[in-house]
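Colleague: Here you go, one structure.
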Amino acid sequence: QTVVTQEPSLTVSPGGTVTLTCASSTGAVTSGYYPNWFQQKPGQAPRALIYSTSNRHSWTPARFSGSLLGGKAALTLSGVQPEDEAEYYCLLYNDSAWVFGGGTKLTVL
Amino acid sequence: QVQLVQSGAEVKEPGASVKVSCKASGYTFTSFGFIWVRQAPGQGLEWMGYISTSDDHIRYAQKFQGRVTMTTDTSTSTAYVELRSLRPDDTAVYYCARDERYIVDYWGQGTLVTVSS
């Protein structure tokens with residue numbers, strides 16, 4: 001059973017830049033894991049941000065970018081806004097199944 | 001516009017079954033599959049499985065094998081998930097989301113299922 005690991009929490013200042021990562025217990029994350037990223041605010045359904053590693057949905061602000069970094073999937077927020085405070089989840093595809101990471105709580109302070 | 005509208009909250013006793021629906025609109029139903037995801041109170045997201053709307057492909061997470069059934073009704077553009085032998089730790093918000101070619105995009109609003117005696 002694949003385990004996907006994210007940082008439990010991160011803090012960033014408004015206007016700053018922060019990178020969230022997503023690691024797989026099976027080894028290096030590649031494009032073949034089709035990383036997806038989601039944002040979830042309290043009491044709301046998740047909202048899709050990124051698919052297939054680095055592709056933004058039509059509604060995703062340009063300050064969100066996805067990549068592969070050091071064997072992990074990564075989500076970088078540049079010019080962080082107060083409204084970016086939320087939980088962020090990655091989703092990886094492996095062995096015909098999707099697995100979510102445990103989530104990163106991002107605080108904007 | 002694409003919308004996924006789920007059925008309302010449910011309260012079930014342990015051992016019972018629950019069936020949650022997800023009605024799609026705003027696109028061609030058979031062009032996209034669905035995943036089902038749940039979130040226990042204060043916890044993270046958990047993938048339950050995937051169902052295609054265009055062929056017989058279904059995949060369940062190992063954890064739910066034997067206890068879950070996913071179906072679709074193309075005549076009403078609705079996806080369903082049924083979970084049987086409910087336990088208190090099945091208490092969660094259940095979400096449907098659209099998934100095709102490894103792209104998960106639109107989500108339903110969620111359905112709270114409470115399992116309690």
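Colleague: Which of the aspartates and glutamates could be linked to B:Lys23 by a straight reach, that is with a Cα gap under 20 Å, when you skip same-chain ones fewer than 8 residues away?
Modeller: B:Glu10, B:Asp55, B:Asp56, B:Asp73, B:Glu82, B:Asp99, B:Glu100, B:Asp105
Colleague: Sticking with the crude label model, points 7 Å out along Cα→Cβ, report the distance from A:Ala62 to B:Lys63 in nm, one decimal please.
Modeller: In this crude label model, A:Ala62 to B:Lys63 measures out at 3.9 nm.
Colleague: Same structure again: Compute log10 of I(q)/I(0) for chain B with the Debye formula, placing one identical point scatterer on every Cα and leaving out solvent, at q = 0.12, 0.18, 0.21 Å⁻¹, to two decimals.
Modeller: Those come out to -0.38, -0.87, -1.17, one per q.
Colleague: From the P(r) of segment B:8-51, could you give the percentage of C-alpha pairs in the tail past 16 Å?
Modeller: Numbers: 552 of 946 pairs.
Roughly 58 percent, rounded to a whole number.
Colleague: Another question, if that's okay. Find how many whole Å separate the alpha carbon centroid of segment A:17-65 from the alpha carbon centroid of segment B:3-64.
Modeller: Their Cα centres are 21 Å away from one another.
Colleague: Let me ask something else about it. Please compute the modelled spin-label separation between B:Ile103 and B:Arg84, points set 7 Å along Cα→Cβ, answer in nm with one decimal.
Modeller: Calculated label separation equals 3.7 nm.
Colleague: How compact and how long is segment A:1-40, expressed as Rg and Dmax of its alpha-carbon atoms in Å?
Modeller: For segment A:1-40, the Cα radius of gyration and maximum Cα-Cα distance read 12.5, 38 Å.
Colleague: Apply the a/c threshold of 1.5 to the C-alpha gyration tensor of segment A:1-100 and tell me whether it is rounded, prolate or oblate.
Modeller: It comes out prolate by the Cα gyration axes.
Colleague: Then there is this: Return the average number of partner chain Cβ atoms within 10 angstrom of each residue Cβ along peptide B:36-44.
Modeller: Values: counts 0, 7, 0, 6, 0, 0, 0, 2, 9.
Other-chain Cβ atoms within 10 Å of each residue's Cβ, averaged: 3.
Colleague: Same structure again: Straight distance only, please: which aspartates and glutamates reach the Cα of A:Lys41 with their own Cα at less than 15 Å, same-chain residues fewer than 8 apart left out?
Modeller: Result set, ordered by chain and number: A:Glu83, A:Asp84, A:Glu85, A:Glu87.
Colleague: Can you give me the orientation-averaged projected area of the convex hull built on the Cα atoms of the protein assembly as shown, in nm²?
Modeller: Computed as one quarter of the Cα hull surface, the answer is 12.2 nm².
Colleague: Any of A:Lys105/B:Lys19; A:Lys72/A:Lys105; B:Lys19/B:Lys63 with alpha carbons more than 24 Å apart? Name them for me.
Modeller: Going by Cα-Cα distance, A:Lys105/B:Lys19 fall outside the 24 Å limit.
Colleague: Using unit Cβ charges (K, R positive; D, E negative) and no other charged atoms, how large, in debye to the nearest 20, is the dipole of the protein assembly as shown about its Cα centre?
Modeller: Value, rounded to 20: 60 debye.
Colleague: Could you put B:Trp47, A:Trp37 in order, starting from the residue whose Cβ has the fewest other Cβ atoms within 10 Å?
Modeller: Working: B:Trp47 23, A:Trp37 28.
Ascending Cβ contact count within 10 Å gives the list B:Trp47, A:Trp37.
Every read-out reported here was derived from the displayed coordinates using simple, explicitly stated rules and does not represent laboratory data. Everything quoted here is computed from the prediction, not taken from an experiment. Ideal geometry is used to build each Cβ from the backbone, glycine not excepted, and the neighbour counts take in all protein chains shown.
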